[in-house]
Amino acid sequence: MSPIDGAQNEIKASALELIGNTPIVALDRLYTGPGRILAKCEFMNPGASIKCRSSLHMIKRARQSGELKPGHPVVEVTSGNQGCGLAVVCAVLGHPLTLTMSKGNSAQRALHMEALGAKCVKVPQVEGTYGNVTLADVQAVEKVGLKIVEETGAYYVNQFNNEANAQAHYDTTGPEIWRQTGHHVDVFIATVGTAGTFTGTSRYLKEKNPKLLSYVVEPAGSEPIKGEPITKPLHLLQGSGYGCVPNLFKFDYMDGTVSITDEEAVKYMKLIGEKEGLYVGYTSGANVAAAVKLLESGKVPKDSWIVTLLNDTGLKYTPVPNELT
Ligand SMILES: Cc1ncc(COP(=O)(O)O)c(C=O)c1O
């Protein structure tokens, strides 16, 4: 028994219990109304991004089904954040982890994964430039990842086709938003990478509130969900906007799209820092830029409460000294 009654109840059993249940914050200084923008602080997950949620769900599901045996190695293809999330989960559960990632994704993510004991194989870009990763780059990374799976017999997480990815958000992100807002949410907005976040969260919220409107944020010029031809495959919204409609995406859960330029994402990333004291990454900037755009467009009632996500920390993108890259 602890000297202070109940003190033991505050102890988390492991980093896995730090995943999810993130706070939701009103961006009332950045956007003063009418309407309100509420943002979930996903950068507060132990892997510093929203992708911890799907990492935990996908690994748990594979262990429960017997597909992944204790101590068995794991491989995944990642833009970095899924890798950081899996590195948290695999470190705690004792699975050796290998990640393949484009050299165009931020070097900080590779440092983070490696610090958690994972191996990161950095694949040269075939099309994009550092900070701008295209579909062709992702396909090159996937090729290397699949070769490692074939050679080692490791468990392949396969986030783009793993239903447990979207289920993570149906089971956690959606219910948290519903509870935290006291059931007051009119609009949901999210960027789309694998679509796990958008599909799972939007499905849950629409089941709870059939009048809720859900919008996808796409990088300007790379808007396949809107149905436009790709005119600008290079953009700053790393982890999203790959120029194709992902398999986990379901049009049933979407009411429209919002197009965001790199300049708009950067402007709002800065404003979130300067007005709200939160240092976040590019897709977070894009989500908030889209929320403001939507409120100002008249496409949603002007007093709407819009919920969106601060997907990861800005620290993942700050330039690092050359010797670390
Ligand atoms: C920074 C960032 N934002 C958004 C997303 C998109 O999330 P999802 O894959 O659930 O669509 C990702 C995915 O890796 C990401 O890294």
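The values are calculated or read from the model by the stated rules, or taken from the named source; none is laboratory data. Every value quoted in this text rests on a predicted model; they were computed, and no experiment measured them. Glycine gets a Cβ as well: all are built from the backbone with ideal geometry, and neighbour counts include every protein chain shown. Note: accessible area is taken over every heavy atom of the protein model, side chains too, but ligands, DNA and RNA are not part of it. Shrake-Rupley method; radii C 1.70, N 1.55, O 1.52, S 1.80 Å.
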Can you tell me which aspartates and glutamates have their Cα less than 17 Å from the Cα of LYS302? Leave out same-chain residues fewer than eight positions away. ASP28, ASP186, ASP255
Rounded accessible area per residue of the chain, 1.4 Å, Å²: 43
Would you pull out the residues with amide H under 5 Å of TYR155's amide H, same chain only if 5 or more places away, H placed 1.01 Å from N? VAL74, VAL75
Identify, among TYR282, SER49, PRO219, the residue whose Cα sits farthest towards the positive end of the charge dipole of the chain, taking +1 on the Cβ of Lys and Arg and -1 on the Cβ of Asp and Glu, with the dipole about the Cα centre. SER49
Can you compute the charge dipole magnitude of segment 236-325 about its Cα centre, using +1 on each Lys and Arg Cβ and -1 on each Asp and Glu Cβ, nothing else charged? Give it in debye, rounded to the nearest 20. 100
Bridge type composition, the chain - antiparallel percent by DSSP, nearest 5: 15
Tell me, what ³J(HN,Hα) does each residue in segment 177-191 have, in order and in whole Hz, if you take phi through Karplus 6.51 cos²θ - 1.76 cosθ + 1.60 with θ = phi - 60° and put x for Gly and Pro? 4, 4, 5, 5, 8, x, 6, 9, 9, 9, 9, 10, 10, 7, 6
For the chain, size of Cβ-based charge dipole, Lys and Arg +1, Asp and Glu -1, in debye: 200
So if I place +1 on the C-beta of Lys and Arg and -1 on the C-beta of Asp and Glu, and nothing else carries charge, what would the dipole magnitude of segment 170-273 be about its Cα centre? I want it in debye, nearest 20. 180
Express the Stokes-Einstein translational diffusion coefficient of segment 89-164 in µm² s⁻¹, to the nearest whole number, given a Kirkwood radius over alpha-carbon pairs, 4 °C and a viscosity of 1.567 mPa s. 98
Using eta = 0.890 mPa s and T = 25 °C, Stokes-Einstein with Kirkwood Rh from Cα pairs puts D for segment 205-325, in µm² s⁻¹, at 158
Apply the Karplus curve 6.51 cos²θ - 1.76 cosθ + 1.60, θ = phi - 60°, to the phi angles in segment 131-147 and return the couplings in whole Hz, x for Gly and Pro. x, 10, 10, 9, 4, 4, 5, 5, 5, 5, 5, 5, 4, 5, x, 5, 5
Relative contact order [Cα under 8 Å, 6+ residues apart], segment 51-160, whole percent: 28
Run the accessible area of segment 51-160 with a 1.4 Å probe and give the carbon-and-sulfur part as a rounded percent. 56
Longer than 22 Å from Cα to Cα, which of LYS51/LYS103; LYS267/LYS293; LYS122/LYS316; LYS119/LYS232; LYS51/LYS267; LYS122/LYS267 are they? Say none if no pair is. LYS119/LYS232; LYS51/LYS267; LYS122/LYS267
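Please give me, ordered by residue number, the GluC sites (Glu not before Pro) of segment 31-98 that lie in loop per DSSP and have at most 13 other Cβ atoms within 10 Å. Please list the in-between numbers first.
On the way: sites: GLU42, GLU67, GLU76; in loops: GLU67.
Listed in order of number, the matching sites are GLU67.
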For segment 51-160, percent of DSSP beta bridges that are antiparallel (nearest 5) comes out at 10
If N is the residue count of the chain, its Cα Rg over 2.2 N^0.38 Å rounds to 0.97
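Less than 9 Å Cβ to Cβ from ILE24, Lys/Arg counted +1 and Asp/Glu -1: what total charge do the surrounding residues give?
0
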From phi via Karplus (6.51, -1.76, 1.60), per-residue ³J(HN,Hα) for segment 252-268 in Hz, x at Gly/Pro: 4, 9, 10, 10, x, 10, 10, 9, 10, 7, 4, 4, 5, 4, 5, 4, 6
Work through the residues other than GLN167 whose Cβ is under 12 Å from its Cβ and net out their charges, Lys, Arg +1 and Asp, Glu -1. +2
Give me the net charge of THR231's neighbourhood, meaning all other residues with Cβ under 15 Å from the Cβ of THR231; Lys, Arg count +1, Asp, Glu -1. -3
Cα pair count fraction exceeding 14 Å, expressed as % - segment 132-181: 67
Mean-square fluctuation maximum in Gaussian network of the chain, Cα pairs under 10 Å, restricted to PRO70, PRO219, PRO46, hits PRO70
Provide Rg and Dmax in Å for segment 1-145, with only Cα atoms included in the calculation. 18.4, 61
Among THR261, LEU294, GLN64, the residue whose Cα sits farthest towards the positive end of the charge dipole of the chain, when +1 is placed on the Cβ of each Lys and Arg and -1 on the Cβ of each Asp and Glu, is GLN64
